[in-house]
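Scroll down for the structure; my scribbles are underneath it.
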Amino acid sequence: MNKSDAKKRLDLMQKNRVIELVDLNHISYEKRVDGEINEFTQVDNDVRYRFVDPWEVEVLDSKDGELRGASLGRQRYVPFTIGAAARACEESQRELGGLHLLSLWSSTRGGVYLTKAIASVYPPWERDTGGDLQVTNGNESQPSTFINSVRQHLYRNTLFRRLNLPQRFLALLQVEILDLKNLTAPGGSLSVTAYALLRLKRETSNAPLTLKARTLDSASTEPRKINKSSGPNAPASWGSVVRFRFPLPEEVNCDGVSFDSDREALFKGPPSVLQISVYEKKFMSHSCLGGADVCLDSLSTSGQVEEWVPLRSTNNDITWFARLRLTLRFELMCLVSEGSLMDGNIGDHCPSAGLRKMKLLSRFGGAYEDLNRVDQRSMSSPDIVTYFTEHMVP
């Protein structure tokens, strides 16, 4: 492969968001200082690429951000509107029946009813109970409730895709931290000022979650003073909320398995574990009270999950417990297509969630990527040459 072909392939990968360009001059919070001239300077061509996880997790700063347009995973999303649903059907209706059918379709709000029908359809394995059992090594192997909810909406996304419609479901996870207690202390816990670091990750991920090591899919709550409380049904005393969302990728089957074996080896399945670390904020220091990994297997769209989670300290002791309430939802958005944005460019309507997080974390020492197959870590991404030599098909 010559230089011209390599550049074309790189441009194609960037267009399809397989990789994303990271200009460190725009990411770094503090620019380099030239000691002799005593001026801020930039390093020329300080550009790298990061590989984009098809299941990329975005931390939302508010509830309004749940339907905010973004470049997330391998796709670009904008909020769902009735007008977008109507425009998506115009071309097919013109081909089938011309302007008369298009007028009738629009007057009866056909696009809205079609969207509602697909958004509520049940996949075959739920319509025919027991008819589509998964078998592993001769034994029945059913997915967890959480994975089954993801599979259900992957199936609905497949129907939208087959009809050439832009509507797509994205997953949203809301985490409410209700209370914090030292259950070993007689008379209840004393008042503490605490905050939490949270991360939505895959089960096989082993990236650290500390003040000095933050990944792009991690969030931090504001410090809150948690008052003394006692009794199992005491009112919530913490009250922090963190929201995550992640896309349901294209080019996967209804089980979430990619049709590209190389991509599947690197990015296998959706995030299914909530990682939490709780810190006590003191005047001059921060002490870790403990952390835990919360499996999301029992979570579904039909109800919330609330539980006390034991926090294991660095000494492997359990003293503190956090009460969490988890809620899973799926929201409908639209893929960006050519000509769908009337004003402005894609970057204005769909800013990159990863680059926005990098700029934020650069103020606190940088961000870390976590990849199962790549051991190298840097402020932006694993080494692209390593990926090409180990995971790309020639």
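Which numbered condition in (1) modelled with pLDDT under 90; (2) open to solvent by 90 Å² or more (accessible area, probe 1.4 Å); (3) assigned to a helix (DSSP H, G or I) is the only one that residue 6 fails?
Result: residue 6 fails condition (2) only.
Of all the residues that make up segment 254-275, how many are in contact (Cβ under 8 Å) with a residue 40 or more places away in the chain, over 12 Å from the mean Cα position of the chain (by Cα) and closer than 23 Å to residue 166 by Cβ?
Within segment 254-275, residues that are in contact (Cβ under 8 Å) with a residue 40 or more places away in the chain, over 12 Å from the mean Cα position of the chain (by Cα) and closer than 23 Å to residue 166 by Cβ number 4.
Taking the residues in segment 154-179 that are of a type in the set (A, V, I, L, M, F, W, C) and part of a loop (DSSP other than H, G, I, E, B) as candidates, determine which candidate is surrounded by the fewest Cβ atoms within 10 Å (Cβ to Cβ).
Restricting attention to segment 154-179, the residues satisfying the condition of being of a type in the set (A, V, I, L, M, F, W, C) are 154, 159-160, 163, 165, 169-173, 175, 177-178.
Now narrow it down to the ones that are part of a loop (DSSP other than H, G, I, E, B): 163, 165.
Numbers: 163: 13, 165: 21.
Result: 163.
So, in segment 99-136, exactly how many residues are small (Gly, Ala, Ser), farther than 21 Å from residue 301 by Cβ and at pLDDT 70 or above?
Applying the first criterion (small (Gly, Ala, Ser)) to segment 99-136 yields 103, 106-107, 110-111, 117, 119-120, 130-131.
Next, from what is left, pick out any that are farther than 21 Å from residue 301 by Cβ: 103, 106-107, 110-111, 130-131.
Subsequent filtering for residues that are at pLDDT 70 or above retains 103, 106-107, 110-111.
Selection size over segment 99-136: 5.
Go through (1) in contact (Cβ under 8 Å) with a residue 24 or more places away in the chain; (2) among the basic types (Lys, Arg); (3) within 26 Å of residue 220 (Cβ to Cβ) for residue 312 and report which single condition fails.
(1)
What are the residue pairs meeting all of these: first residue in segment 134-149, first residue in a strand (DSSP E or B), second residue at pLDDT below 90, Cβ atoms under 6 Å, and 6 or more apart or on different chains?
Final answer for the pair search is 140/133.
The values are calculated or read from the model by the stated rules, or taken from the named source; none is laboratory data. What you see is a predicted model, and the numbers here were worked out from it, not measured in a lab. For neighbour counting, all protein chains shown are included, and Cβ atoms are generated from backbone atoms with ideal geometry for every residue, glycine included. Ligands, DNA and RNA are excluded from the accessible area calculation, which covers all protein heavy atoms including side chains. Shrake-Rupley method; radii C 1.70, N 1.55, O 1.52, S 1.80 Å.
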